[in-house]
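In what follows, a structure is listed as structure tokens, so that the remarks can point back to it.
Values quoted throughout were computed directly from the atomic coordinates according to the rules given, and no laboratory measurement underlies them. Treat the numbers as computed from the prediction; the structure is a model and nothing was measured. As a convention, Cβ positions derive from the backbone with ideal geometry for all residues, glycine included, and neighbour counts pool all protein chains shown.
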Amino acid sequence: MSTSDDRDPIAPEDLETRLRDLGEELAMAPVPPPADVARAVRARIEDGGAGDRVRPRAAWRPSPRVAAAAVAVLTAVLLGATPQGRAAVVSVLRIAGVEIHVGGAGPLPTGVPSPLPGERRVTLEEARRGARFPVAVPSALGEPSDVRLADGGRVVTLLWPGVRLDEFDGTLGVVWHKELGEPFPEQVGVVGGWWIPRSHGVSYVPGDGGAPREERVAGPTLIWQHKLVGLRLEGPDRVEAMRIASSVR
Amino acid sequence: MDDDEAVTRALAGDLDAYEVLVTRYSAVAHRTASLLGAADEAQDVVQEAFVKAFRHLKGFRRGSSFRPWLLRIVANETHDLTRSRGRRSDLAVRLGREREPYGPGDPGDPESAAVDADGRARLLEAVRALSDGEREAVVCRYFLQLSEAETAEVLGVRLGTVKSRTFRALRRLREEVGREHFG
């Protein structure tokens, strides 16, 4: 090979120029028209941010090894009142597909638990096949005594005596809506989640965008995210909840 | 409407003004997300970044440049995404096909074009093989053509770090591409 620049093919400035040229030739995934992006962003802002996901923040940067060990801290998006102004100042906490409104809760709801849309009893294997995400089972509890699959594979509920673990696609939109009074949920670093110490109202937000289901009372609950799966664990006390959550693989 | 005015209005709740900013920076935001590893989720990352930027607009230091401030949020979102996916923040790109890369000497000469295309592919591979920190410095400085100061802001590192990473990256690329060239 003998091109004219053989003698000094990689002079510093030449390399930099080549890198810039290369950058201009890189093809990326198609980009939507800016006006469409602006509209979509505006809709989400006006919507109060439906579709937000919470992922491990880059506030501090764990080494890949630490991150892989799933110790990454999840900081929930904390939204104050929007510039448009909200009627009541309610803190909204959104994590792993759960939207928690703190401070505006009235009396606890009186609704009784009703099945989720399309909820049916399945085996663990069927749940694994039917769910839209990898179903995780906490080794601390062993095989669940009952398994439910609902809303076209969007939610899998694992039940043990006195324990309910809902797993759901926690990356898109809001799956659960919670209303609670003070105190603000407590952030727990162990699993990078939030602990709600009091009874509160919870309702399921159907995946088809329909109206939320009737609110029911939930006991103290731990909410966290494992990989792409949102989890809410209801029933055990705080210590036990941490133990169970830590055993999810 | 310049950035500063748009920010002022957006802070007052004017979403039309914020749309101006989104429209203005959508392309570079998508490019940044793609180049830092968002792959086919770049659109999602960009929307998320713009929503967050709006919510945190109060934290934007007035008088400074909006673009690197926004791109830092895009970069953080992309990092979060790649980390949550457990994958390396690889360059989610390929060499473009639209523009045939002709050699500088004899445009149209198929052999020269082929050699040149080969060189670009090798250079891209060499960039891919850099460590995350070095690759991101190269992406910001050369692919996105940001200044050193902007790169530091976007990547959330000190200016000196940008300089040293860029320096090391260029040295490594020179070694890699040079070796290939003569080999």
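Using only alpha-carbon positions, what ratio does the radius of gyration of region A:160-207 give when scaled by 2.2 N^0.38 Å?
Dividing the Cα radius of gyration by 2.2 N^0.38 Å gives 1.28.
Test of the criteria: in region B:120-183, which trypsin sites (Lys or Arg not before Pro) are in a DSSP loop and have at most 11 other Cβ atoms within 10 angstrom of their Cβ?
Hits after loop and neighbour filter: B:Arg158.
Mind putting a number on the dipole of region B:1-94 about its Cα centre? Charges go on the C-beta only, +1 for Lys and Arg and -1 for Asp and Glu, and I need it in Debye to the nearest 20.
With only Lys, Arg, Asp and Glu charged at Cβ, the dipole is about 460 debye.
Average partner chain C-beta neighbours within 10 Å, per residue of A:32-40?
Mean shielding by partner chains, rounded to a whole number: 6.
Leaving out same-chain residues fewer than 8 places away, which lysines sit with a Cα under 28 Å from that of B:Lys58?
Candidates past the 8-residue exclusion: A:Lys178.
Tabulate in residue order the Karplus-calculated ³J(HN,Hα) for region B:162-169, using 6.51 cos²θ - 1.76 cosθ + 1.60 with θ = phi - 60°, rounded to whole Hz; enter x for Gly and Pro.
In residue order, the calculated couplings are 4, 4, 6, 5, 5, 4, 5, 4 Hz.
What's the average, rounded to a whole number, of partner chain beta-carbon atoms within 10 Å of each residue's beta-carbon in B:27-33?
If you average over the peptide's residues, the count of other-chain Cβ atoms is 3.
Per residue of B:46-55, count partner chain C-beta atoms within 10 Å of its C-beta, then hand back the mean as an integer.
Counting Cβ atoms of other protein chains within 10 Å of each residue's Cβ and averaging gives 6.
Which listed residue (B:Gly13, B:Val28, B:Gln43) has the Cα farthest towards the positive end of the charge dipole for region B:3-53, taking +1 on Lys and Arg C-beta and -1 on Asp and Glu C-beta about the Cα centre?
B:Val28
For region A:92-249, list log₁₀ I(q)/I(0) at each q in 0.08, 0.12, 0.15, 0.16 Å⁻¹, using the Debye formula over Cα point scatterers of equal strength and ignoring solvent, two decimals each.
-0.19, -0.45, -0.73, -0.85
Any chance you could list P(r) for region B:3-84, counting all Cα-Cα pairs in 10 angstrom bins from zero, rounded to whole %?
Result, from short to long distances: 20, 53, 24, 3 percent.
Mind listing the phi-derived Karplus ³J(HN,Hα) values for region B:141-157, rounded to whole Hz, using 6.51, -1.76 and 1.60 with θ = phi - 60°, and x for any glycine or proline?
For region B:141-157, the Karplus curve yields 5, 10, 6, 9, 6, 8, 6, 4, 5, 5, 4, 4, 5, 5, 8, x, 10 Hz.
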